[in-house]
Structures are given as structure tokens and as C-alpha cells.
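The values are calculated or read from the model by the stated rules, or taken from the named source; none is laboratory data. Since this is a predicted model, take the numbers as computed values, not measurements. Glycine gets a Cβ as well: all are built from the backbone with ideal geometry, and neighbour counts include every protein chain shown.
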Amino acid sequence: MKFKANPNLQIYGAVTMMTHLTALVQEMEGVRLARDIEAVHRMRVASRRLRATLPLFGQQLAGKRHLVWIKAMRGITRALGAARDSDVQIEHVSKFLEPLLPPNRSGVRRLLLRLRQQRLALQPQVIKELNKFEKSGVVAEIAQKLAPFDIYRDRLDVNDPGLLKLANQAIHTRLGEFLDFDAIVDQPEQIEELHAMRISAKRLRYTLETFASLFDDGLKNYLKAMRSAQDMLGAIHDCDVWAVYIPQFMDEERLRTAEYFGSVRTYKRLVPGLTLYQNARRSERESMYATFRGTWAGWKSESLWENLTAILEARLTPVVEPPQSPVENAAEISAQVEAALPEDPEQKSAASSETL
């Protein structure tokens, strides 16, 4: 089936992606300097949002070239994710340490020391991926592709059937994937599935954000619910990570102490604080899970997901064929955009070969 360009999809995608690309670029220097942990967080979010929109609009804007963009984004997003996870751990342990008194401070202070050492060790990889990303020229290439479409944002038809169809398919797909996890909400032992549910919640949230401007209320209530679901599932996952990490950390510190001092005597003073932190995370997990389960039950009793589905159907299902004038207008825009785009080096090379 031959690909057919849709100027409204191109304009909507360009406007959306340009927002995320700009946000990403603004944080690069802050990430490089590593003075503000929020710079890492903001750039990570921007990179994820950009990656979420590329499969939706990339083909319309750049053909198969968008697959190269996705690949280029993958490395920097992964490096930022590891750095952000480390920053969050350090922040949490720091706050936990503040009110503690001996004998509980030693173990938590040692944990904080190791976490900070790990974060420092991650920074070279962050810089490496950042340099690689910058040298790839992907940012400039994406911006160059988006700019000719972005200037036509005032001529966007938000009722274009093609745009509504894409939004409908994308949101329903992500919503269906998310609701498939309903069966495990009452099973707190399903650690891997709950982690997968968190990822699914994130994907649905980004998809809703992408198309929120098509709705009069911006889907505010549903985005609020998805942020809440993502936060709760994220907190549960953090506790599950600690449940595995703390015992391993204690074993490593005991071995390190024995190798350095010839005995584990000094290690013993670390145990009370580490045990206290471990128990606190376990209690936090139980509390957060109860909150999540109660919130989920509340959403179901309010028919939240059914209401969202009804709103999607009402807004995103085209009821009439588009009039002729927008189609002519779209063709005009497409021609103007094509004329504004820089010449493709690959096409130029191919043309030269044919001439020869």
C-alpha cells in the first residue's frame, strides 16, 4: 500500500515534536554540568515524550529516516534514565538520614556514600551519550524537517479525519494495554507485572498528552488519573528494587569490610540503620499498595475508563466526509512545504547517478 502524506498530520506532529525537541535541547548543558538533578529529570522526560511521538508522526514527516532518529534517541534516554534513578535514590536516602540518631546513622550514611559514588561513576556514560547524540546531528536534522511544517500551525484542521483516526487508534491501543493489567491489581506479589503496568501507564499518559489538545478540556481529569497511577506504581516499583538491593548491599559491605579489616566487627555497626531502612521501605510498599488498590477501585466504581472511552468515541470518530475545500487547502500546504524543504542529499545523489 502506497504511503499517502497528510498535511494535517504533518503539521500536528511537527508542532508537538518541536515542543519536546526544544525542551530537550534546553536541558543539555545542565545535564552536562550535573549541578541540578532536575535538569536530568526534565531532559529525560522530554526525550521520552519525543520518542513517544516519533512512531506516530515520524513516517509522515521524514519517511524511514525517523527510524534513525528513534535509534539515536535510545542511547541518551537510557543513560538519562540510569542517572535519574540514581538521583532519586540519593534524594530519598538523604531525607531518611536527616532525623536519624545513633546507632542508626552509620548504616544509612554508608548506603548514601555508595550511592553517591555510583552516581559519579554514571556521569561519564551520560557525557559520552550526550556527546554522541550531539555529534550525530539528529537534533539539527529533526528541527530542519519540522520547521517548514511548524510555521503552518495556524492552518491546522483539528477535525481532519486522518488526525482523528490516528488519535483514536493510538489512545485505544494504549488504553487497552493498560486495562489488561486489571486482573493483577489485587495481587501485590506480582512484582514484574506491576512494573509492566507502570510502564504501560506511562505510555498511555504520553499518548493522552500527545492528543490532549484535540479535546476541549484537554483530558485534564484523565491525565491527572494517569499521573497518579504512574506515581503510585513507580513508588511500589522503587520499594521492590530496594527489597532486592539492600540485602545485596549488606552482603557486599560485609565482604568488603572483612577483606579490608580482616574481620566483620566494624560492619556490625552498619546493620541497625540498614535494617531500619529496609523495614521502612517494606512498610512504605504495603501502604502505597493499599492506596493504589483503593484508588483503582474508586476509578472503577466511577466508571472512569468507560467514560474516557465514551469521550474518545464522541470526539475522535469522524461522522461526515471532509468538504472539498480543506482537501484543496491541504494540497496547497503540502506543495508549499515540499518547496520549502531542503534538498535530500540521497535523492540528489540518486538523480546524479541516473544522469550519468
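Worth a mention:
A quick yes/no check of all residues on (1) more than 27 Å from the chain's Cα centre (by Cα); (2) of a type outside the set (Phe, Trp, Tyr); (3) modelled with pLDDT under 95:
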| site | (1), (2), (3) |
| --- | --- |
| Tyr245 | no, no, no |
| Gln248 | yes, yes, no |
| Val264 | yes, yes, yes |
| Gly273 | yes, yes, no |
| Glu286 | no, yes, no |
| Ala297 | no, yes, no |
| Glu306 | no, yes, no |
| Ile311 | no, yes, no |
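- Looking across region 41-58 at every residue that is free of Cβ contacts under 8 Å to residues at least 60 places away in the same chain and either in contact with a His (Cβ under 6 Å, 6 or more places away or on another chain) or of a type in the set (A, V, I, L, M, F, W, C) (or both), the one that is farthest from Pro7 (Cα to Cα) is identified as Met43.
- Subset of region 134-160 (residues that are out of contact with any helix residue (DSSP H, G or I) (no Cβ under 9 Å at 6 or more places or on another chain) and over 25 Å from Val68 (Cβ atoms)): Asp154
- Each residue in region 1-19 was checked for being free of Cβ contacts under 8 Å to residues at least 60 places away in the same chain and crowded, with 21+ Cβ neighbours inside 10 Å, and 0 of them qualify.
- Any chance Leu97 is within 23 Å of the chain's Cα centre (by Cα) and modelled with pLDDT of 95 or more: no
- Filter result (of a type in the set (A, V, I, L, M, F, W, C) and within 30 Å of Arg205 (Cα to Cα)) within region 233-279: Leu233, Ala235, Ile236, Cys239, Val241, Trp242, Ala243, Val244
- Residue match in region 275-298 (condition: aliphatic (A, V, I, L, M), farther than 30 Å from Met226 by Cβ and in a helix (DSSP H, G or I)): yes
- Ser136 passes every criterion in (1) hydroxyl-bearing (Ser, Thr, Tyr); (2) surrounded by 15 or more Cβ atoms within 10 Å (Cβ to Cβ); (3) closer than 30 Å to Phe292 by Cα apart from (3).
- Screening Glu192 with (1) over 19 Å from the mean Cα position of the chain (by Cα); (2) under 30 Å from Thr275 (Cα atoms); (3) not small (Gly, Ala, Ser) gives one miss only, at (1).
- Between Gln187, Gln123, the distinction of being more than 23 Å from Leu270 (Cβ to Cβ) and loosely packed, with under 15 Cβ neighbours inside 10 Å belongs to Gln187 only.
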